[in-house]
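One structure below.
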Amino acid sequence: MSLLEFRGVARRFPVRHGLLDRLARRDRVWLHAVRGVDLSVARGEILGIVGESGCGKSTLARIGVGLQPANAGSVRFHGAALDGPDPAGRIQMVFQDPYSSLDPRMTIGAQLDEVIARYRAGLGRAGRRALVAQMLDEVGLPQEVAAKFPHALSGGQRQRVSIARALCSGPEVLLADEPVSALDASVQAQIINLLRRLNRDKGLTIVFISHDMNVVRYLCDRVAVMYLGEIVELDDSARLFAAPRHPYTRALIEAVPDLHAPREAVAAIHGEIPDPFAVVEGCRFAPRCPLAEAGCARPQALRPLPPSGAVRCDKAC
Amino acid sequence: MSLLSIRNLRTEFSGPAGIVRAVDGVSLDVAPGEIFGIVGESGCGKSATCRSILRLFGGAPARVAGGQILLDGVGDLAAMPERALAQVRGREVAFIFQDPLTALNPTMRIGRQIAEVILRHRKVSRAEARQAALGLLRDVHVTSPERRLDAYPHELSGGLRQRVVIAMALALRPRLIIADEPTTALDVTVQDQILRLLRERCDSTGTAIILITHDLGVVSQVCDRMAVMYAGRIVETGAVREVLDHPSHPYTRALLAALPGQASRGRDLVPIEGSPPGLIAPPPGCRFAPRCRLAREDCGSGPAPGLLPRPGTAPGHLDACILSEVPDVAS
Ligand SMILES: Nc1ncnc2c1ncn2[C@@H]1O[C@H](COP(=O)(O)OP(=O)(O)OP(=O)(O)O)[C@@H](O)[C@H]1O
Ligand SMILES: Nc1ncnc2c1ncn2[C@@H]1O[C@H](COP(=O)(O)OP(=O)(O)O)[C@@H](O)[C@H]1O
Ligand code: SF4
Ligand code: SF4
Ligand SMILES: [Mg+2]
Ligand SMILES: [Mg+2]
């Protein structure tokens, strides 16, 4: 059974509509960040979400933790509709930027203590202090970090602190939005090992948003590929990387820089970066798709495709 | 001929616990039209090196304590008074910051912000500056640029924000662009386009770029030459293909080995054990010695080893390991 489920989730943002626009009777313009996403996250899995910047990954994650409402559709947790953040803190989020997600004026210990006090009201001071120590230990940070302020920590340490903070409520699901994108290779390896360990040893379910295809291939059990607010391919990680079926997934995988390839060998993705304002009737990838043809002007549905997974392209087989 | 030539740069921050020697004897040369990559672990001094060039320390208690920063046709930036340096910023040398939010004014529409940069340095009308801003947004592949002109920074995704920052850096056609992790917030396809765009600029206008990144894939994709930094010093430098295909310093090798590309699923990745040393009192000798699997007795004493060529490696490929032969150990 799925632990966290997105059902037809959509989110749009109004675009500035000035007086002149109104005088000229121009219609309100909407930016569709997420357009009807169906996605179910199974207990204990690491689900990857990949896609271009602006394709709606973060918006989807914010809706998933209840930081932002959906305009349509619903999020279900343990089968029940979720309306705002889970009061028990069973769904938590880790952000890309460990710089701005921590409070610069509070020590790390105080920040963790605050979160623990919120979710475990029964715990006394000593109990909270013990839990702070346990959380630091969990993410591999020395105890003296508790007395420090965020600015005194390295990028990797700060990201460990954000993970520790997310773990304070004892979550079942962790939505991690680009948690290693700002980190260098060695620290990235440490954080990925940490996430893997939390998943394996504690059964923590992880939704891992990333644009680094190498990391996703290595870490995730399943992968959802998003394009302009929609899922265009969903499959087991191994299958998806071995034989991508949507033309966009293929382009993404081909764009992964190879450390040892000469510069010229990198394949370019065709066409313009997608425009979330553009009204495209048919396949949204058509303007950039090398395989586009007349039939692609029909709207494409995400359909299951044997032996596993689903693809939003009528021509994929 | 070098556009920029940094000689023995030393940069210090004064902190409560003492002087942090963030950059301690860095030398590098950048030619016109070249993209020079700087990689290394967080805190190794990449940003401090580049911020020293324009003395952009954002109010931090930092100073260039020694060395020269020679910009072709301009002189030694390290010796230049602040007022003269202000003329170099943006016009000759532009800076793209790691965090796009610090570079953007949250209360100003982005079209206006780009136009302001142009108006500050060029005699053009507001309307012309706005047109130029539109063109710059188009150059960095912002879609529907007419609509985005009136957006505030918080309304843009991280990738879009960084493209706006890049557009601002390109506005005055500088000879050198210093880009501190410019594509860290972007996904591969957008990153790919931004890097191509920067590459095009270099090839067509002779603009040079110093690109700081922790992503070796990015270096491989666009840079001509590169330097690997560790604890305030360069430990390996050379043509990108040489350094990535035939790394000779144990630290470079360990960094490459930590990447998931080389690991099989289900096995832990291999980070470098321990963490980089503090820079108030770095260890004597080779600073990597406390974490190096190949360290010998004599690695940990004396002055820090300098960059030297190795017999059999390509010209310009230098490293700072004292071993005459660096064995290939699985880290
Ligand atoms: N404002 C400051 N006060 C004191 N020390 C500082 C300050 N800024 C940087 N440092 C120190 O200078 C050294 C180099 O920092 P720098 O920011 O250049 O590293 P970096 O390689 O760019 O790392 P990252 O990838 O995290 O940005 C570090 O030891 C850091 O702690
Ligand atoms: N508060 C907001 N107001 C207006 N537009 C927004 C807002 N937040 C996000 N957007 C837009 O929604 C789209 C998706 O954004 P986001 O989910 O942050 O992308 P990403 O995939 O990079 O995480 C982008 O075009 C972005 O500019
Ligand atoms: S439907 Fe057509 S345009 Fe869309 S991805 Fe498939 S082939 Fe390409
Ligand atoms: S000099 Fe010694 S400690 Fe330093 S990298 Fe070489 S072998 Fe390792
Ligand atoms: Mg995002
Ligand atoms: Mg930096």
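Could you calculate the contour length gain from residue A:45 to residue A:281, that is, 0.36 nm times the residue separation minus the distance between their Cα atoms, to one decimal place in nm? Could you put the intermediate results ahead of the total?
On the way: separation 236, 0.36 × 236 = 84.96 nm, distance 3.45 nm.
Extending this stretch completely gives an extra 81.5 nm.
Can you compute the FRET efficiency between residue A:83 and residue B:128 using 1/(1 + (r/R0)^6), with r the Cβ-Cβ distance and R0 = 56 Å? Round to the nearest 0.05.
That gives a FRET efficiency of 0.65.
For the range A:76-156, just say rounded, prolate or oblate: build the C-alpha gyration tensor, square-root its eigenvalues into a ≥ b ≥ c, call rounded for a/c under 1.5, and beyond that prolate if a/b exceeds b/c, oblate if not.
Details: a/c = 2.20, a/b = 1.41, b/c = 1.56.
It comes out oblate by the Cα gyration axes.
Between helix B:110-121 and chain B, what is the angle of the helix's C-alpha long axis to the longest principal axis, kept within 0 to 90° and rounded to the nearest 10?
Result, in degrees: 90.
If the cut-off is 21 Å between C-alpha atoms, which lysines fall inside it for residue A:148, apart from same-chain ones fewer than 8 positions away?
By straight Cα distance, residue A:148 reaches no lysines at all.
Stick to Cα atoms and the Kirkwood definition of Rh, then tell me Rg/Rh for the range B:23-140. Kindly include the intermediate steps, with their values, before the conclusion.
On the way: Rg = 16.4 Å, Rh = 16.6 Å.
Checking Rg against Rh, the ratio lands at 0.99.
By the gyration tensor of its Cα atoms, with a ≥ b ≥ c the square roots of the eigenvalues, what is the shape of the range B:209-312: rounded for a/c under 1.5, prolate for a/b over b/c, or oblate?
Details: a/c = 1.70, a/b = 1.23, b/c = 1.38.
Judged from the Cα gyration tensor, the range B:209-312 comes out oblate (a/c at least 1.5, b/c at or above a/b).
How many nm is it between the label spots at residue A:258 and residue B:298, if each spot is 7 Å from the Cα in line with the beta carbon?
4.2 nm
Please state the charge dipole magnitude for the protein assembly as shown, taken about the Cα centre, from unit charges on C-beta atoms (+1 on K and R, -1 on D and E), reported in debye and rounded to the nearest 20.
Values: 78 positive and 68 negative charges, 352 e Å.
Dipole about the Cα centre, nearest 20: 1680 debye.
For chain A, what is the largest minus smallest coordinate of the Cα atoms on each principal axis, given in angstrom and ordered from greatest to least?
Each principal axis gives a Cα extent; for chain A these are 68, 56, 39 Å.
More than 48 Å apart: what percent of Cα pairs in the protein assembly as shown qualify? Working shown, then result.
Working: 28546 of 209628 pairs.
It works out to 14 percent of all Cα pairs.
Just A:117, A:242, A:261 to compare: in a GNM of chain A, with alpha carbon springs under 10 Å, which one fluctuates most?
Residue with maximal mean-square fluctuation among A:117, A:242, A:261: A:261.
For helix B:158-170, report the angle its Cα long axis makes with the longest principal axis of the Cα atoms of chain B; keep it between 0 and 90° and round to the nearest 10°.
Long axis of B:158-170 versus the principal axis of chain B: about 80 degrees.
Keeping all protein chains in the complex and leaving out DNA, RNA and ligands, what accessible area do you get for residue B:2 with a 1.4 Å probe, in Å² to the nearest 10?
The accessible area of residue B:2 comes to roughly 40 Å².
For the range A:20-64, which residues drop by 10 square angstrom or more in accessible area between the chain on its own and all protein chains together (1.4 Å probe)?
Going by heavy-atom accessible area, the residues of the range A:20-64 that drop by at least 10 Å² are A:29, A:31, A:52, A:53, A:54.
Where does helix B:126-139 land angle-wise versus the long Cα axis of chain B, in degrees 0 to 90, nearest 10?
Approximately 40 degrees, to the nearest ten.
What percentages make up the Cα-Cα pair-distance distribution of the range B:253-319 when the bins are 5 Å wide from 0?
3, 14, 16, 18, 19, 15, 9, 4, 0
Ordering A:202, A:57, A:315 from largest to smallest accessible area (1.4 angstrom probe), what's the sequence? Working shown, then result.
Details: A:202 125, A:57 15, A:315 90 Å².
Correct descending sequence by accessible area is A:202, A:315, A:57.
So if each residue of separation counts as 0.36 nm, and I subtract the Cα-Cα distance between residue B:76 and residue B:150, what length gain in nm does that give? Let's see the in-between values first.
Working: separation 74, 0.36 × 74 = 26.64 nm, distance 4.01 nm.
Extending this stretch completely gives an extra 22.6 nm.
For the full complex of protein chains and a 1.4 angstrom probe, list A:151, A:246, A:260, B:214 by accessible area with the highest value first. All intermediate terms of the calculation are to be shown ahead of the outcome.
Working: A:151 140, A:246 5, A:260 90, B:214 30 Å².
Ranked from most to least accessible, the order is A:151, A:260, B:214, A:246.
In nm, give the distance between the simple-model label positions of residue A:119 and residue B:108, each being 7 Å from the Cα along the Cα-to-Cβ direction.
4.1 nm
Explain nothing, just the number: relative contact order of the range B:4-223, from Cα pairs under 8 Å at least 6 residues apart, as a whole percent.
Values: 378 pairs, mean separation 57.7, N = 220.
Across the range B:4-223, relative contact order equals 26 percent.
Write down the Å³ per residue value for the convex hull defined by the alpha carbon atoms of chain B.
Details: hull volume 50.4 nm³, N = 331.
Dividing the Cα hull volume of chain B by its residues yields 152 Å³.
Which longest uninterrupted range of chain B lacks any trypsin sites (Lys or Arg not before Pro) assigned by DSSP to a loop state (not H, G, I, E or B) and surrounded by at most 16 other Cβ atoms within 10 Å? Numbers along the way, then the final one.
Details: sites that count: B:91, B:122, B:123, B:265, B:267, B:293, B:296.
Longest site-free region, per DSSP loop and neighbour criteria: B:124-264.
The range B:158-179 to the range B:32-85: how many Å between their Cα centroids?
18 Å
Quick one: if you stick a label point 7 Å off each Cα along the C-beta vector at residue A:74 and residue B:57, how many nm between them?
Those two pseudo-labels are separated by 5.8 nm.
The values are calculated or read from the model by the stated rules, or taken from the named source; none is laboratory data. Keep in mind the model is a prediction, meaning the values are calculated, not measured. Glycine gets a Cβ as well: all are built from the backbone with ideal geometry, and neighbour counts include every protein chain shown. Accessible surface areas use protein heavy atoms only, side chains included; no ligands, DNA or RNA. Shrake-Rupley method; radii C 1.70, N 1.55, O 1.52, S 1.80 Å.
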